[in-house]
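Quick notes on the structure that follows.
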């Protein structure tokens, strides 16, 4: 089967609250611009190209899209592109967004939102996406401090009907029970990939035990983050497995992530139609015990 014929259904499914999604989704962080996200002076991506990628993702069975109001370039907003490409939205499409971080008009990062400011961020996402409620809102934080006040503010918006489900992003293990005591957590979105730290593995394990979706970002880049997977050193093990399977190193990294548990969802992002098809096809890749052992070495 050619890559272009494989759909996201090959990755299997998981429940996000009362919604069922394919385990391979799509992240929009790179969609508003060419090159690395948030890079100063990055050229805005061609609008038609970006809209074409979003529509093709849905055609390939992607029904879980990750976004944020702070994903924008000088001319393009991920949320606006999603609305233009996909509205009116299909009933099975789940759009997850994040609140907490903020950027000013020029793209500079500003202080994270306080509990009182989170409603404004939620309403901004609603306006940009053209919706009367948000499927999933992740509270993204920095540091180890208590999240109770901010998560409580989002729980109130959930009770008011503006949000259907709540999640967490960039958190430590102790934040999960703290949030769960306030409102149900349907997903945790953290950095995770090959070479993950014991602390990152602990969050993944805790999510699995509680039936919470674990949604890694930088699943392909791993600890290389914006530098990419090549930024972390020797790739020979990944490349050897890729050659054996007739796949790309990026596909192997995505497949390894999905093998970490049935509750793991992937949200690889790209603005390239060819890479999109490869990322979706990674959901059909099955790693042997030999492959897994080689990668974990």
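Coordinate-derived values only; no laboratory data. Keep in mind that what you see is a predicted model, and the values were worked out from it rather than measured. Cβ sites come from the backbone with ideal geometry, for glycine too, and all protein chains shown count toward neighbours.
Find how much the distance from residue 259 to residue 296 grows on full extension, using 0.36 nm per residue of separation minus their present alpha carbon separation; answer in nm with one decimal.
Result for the pair: 12.1 nm of gain on full extension.
Report the Cα centroid-to-centroid distance between the stretch 58-127 and the stretch 1-57 in angstrom, as an integer.
The stretch 58-127 and the stretch 1-57 have Cα centres spaced 14 Å from each other.
Can you tell me which of 61, 130, 41 moves the most in a GNM of the chain? Springs connect C-alpha atoms under 10 Å apart.
The residue with the greatest mean-square fluctuation here is 41.
Would you calculate a helix-derived [θ] at 222 nm for the chain, using -39,500 (n - 2.57) for each DSSP H run of n ≥ 4 and dividing by the full residue count, to the nearest 500?
My calculation for the chain gives -10000 deg cm²/dmol from helical runs alone.
Applying 1/(1 + (r/R0)^6) with R0 = 30 Å to the Cβ-Cβ distance of residue 109 and residue 273, what FRET efficiency is obtained, to the nearest 0.05?
Calculated transfer efficiency: 0.45.
Select from 44, 184, 198 the residue whose mean-square fluctuation is largest in a Gaussian network model of the chain (Cα-Cα springs shorter than 10 Å).
Highest fluctuation of the listed residues: 198.
Using bins 10 angstrom wide from zero, how does P(r) for the stretch 3-296 break down, in % of all Cα pairs?
Computed distribution, short to long bins: 6, 29, 38, 22, 4, 0.
Would you list 263, 64 from fewest to most Cβ contacts within 10 Å?
By the 10 Å Cβ count, ascending, the order reads 263, 64.
Suppose the chain between residue 202 and residue 245 were pulled fully straight at 0.36 nm per residue; how much longer would it get relative to their current alpha carbon spacing?
12.5 nm
Which FRET efficiency, nearest 0.05, do residue 235 and residue 5 yield, Cβ-Cβ r, R0 25 Å?
0.35
Roughly how tilted is helix 118-129, in degrees to the nearest 10 and between 0 and 90, from the longest Cα axis of the chain?
Rounded to the nearest ten degrees, it is 60.
For the chain, take the longest principal axis of its alpha carbons; what is the angle in degrees between that and the long axis of helix 47-59, to the nearest 10 within 0 to 90?
Roughly 70 degrees, rounded to the nearest 10.
Between residue 145 and residue 133, what is the label-to-label distance in nm when each label sits 7 Å out along the Cα-to-Cβ direction?
Calculated label separation equals 3.2 nm.
How large is the convex hull of the Cα atoms of the stretch 1-153 per residue, expressed in Å³ as a whole number?
Spelled out: Cα convex hull of the stretch 1-153, divided by residues, is 136 Å³.
Angle between the Cα long axis of helix 198-210 and the longest principal axis of the chain, 0 to 90 degrees, nearest 10?
Here the helix axis deviates by roughly 70 degrees.
Have a look at 284, 181, 37 and tell me which one the Gaussian network model of the chain (Cα, springs below 10 Å) gives the largest fluctuation.
With Cα springs under 10 Å in the chain, the top fluctuation among 284, 181, 37 is at 181.
Estimate the FRET efficiency between residue 46 and residue 181 by the formula 1/(1 + (r/R0)^6), using the beta-carbon distance for r and 51 Å for R0, to the nearest 0.05.
According to the calculation, E is roughly 0.65.
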